[in-house]
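Q: Next up is a structure, given as structure tokens.
The values are calculated or read from the model by the stated rules, or taken from the named source; none is laboratory data. In this text the structure is predicted, and so the values were computed from the model without any measurement. Glycine also receives a Cβ, built like all others from the backbone with ideal geometry; neighbour counts cover every protein chain displayed.
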Amino acid sequence: MSETKHTELHHDEHGEHAGMTRGKIWQVFFILLGITVIEFFIALYMVPRGIIGLNVANPIYIILTLAKAFYIVAFFMHLKFEKVGLVYSILVPTLFIIGLILVLTNESHHWVDVLR
């Protein structure tokens, strides 16, 4: 009876992350590699030659970095395969912390300008 229980538990563990095959890992790797190549192309070719300015390049860097962070967290940390409640319990506090950092940064710049 204990062997059956162990086999069922072992079977369930493999079923949770069945979507992560070797092919999917390589697909995510090449997506991350492509995003990194785009970032390097912008940083080493377009910005120094003046094709785009830093005021355009910085938001592009932020968006591409967030895309890379999504792929890393979703696939390599297996968050994409978890239940929705766990995903929200990690995602919502993280968004609040990022929002708090943005608000406090903006507020600190305001006070620096006022005190001058």
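Q: Given the conditions (1) at pLDDT below 90; (2) under 18 Å from Leu33 (Cα atoms), which single one is not true for Ser108?
A: It fails just one condition, (2).
Q: So, one more: Can you run down the residue pairs with Cβ atoms below 9 Å, 6 or more apart or on separate chains, where the first is in the range 70-98 and small (Gly, Ala, Ser) and the partner is modelled with pLDDT under 80 and in a helix (DSSP H, G or I)?
A: Cβ pairs passing all conditions: Ala74/Lys80; Ala74/Phe81.
Q: May I pose another question? Give the residues of the range 76-111 that are under 29 Å from Leu44 (Cα atoms) and touching a helix residue (DSSP H, G or I) at 6+ places or on another chain (Cβ under 9 Å), sorted by residue number.
A: Phe76
Q: Related question: Is it fair to say Ile63 is closer than 25 Å to Thr21 by Cα and assigned to a helix (DSSP H, G or I)?
A: Against the criterion (closer than 25 Å to Thr21 by Cα and assigned to a helix (DSSP H, G or I)), Ile63 does not qualify.
Q: Follow-up. Of the residues Tyr71, Tyr45, Tyr88, which is surrounded by 10 or more Cβ atoms within 10 Å (Cβ to Cβ) and modelled with pLDDT under 85?
A: The unique qualifying residue is Tyr88.
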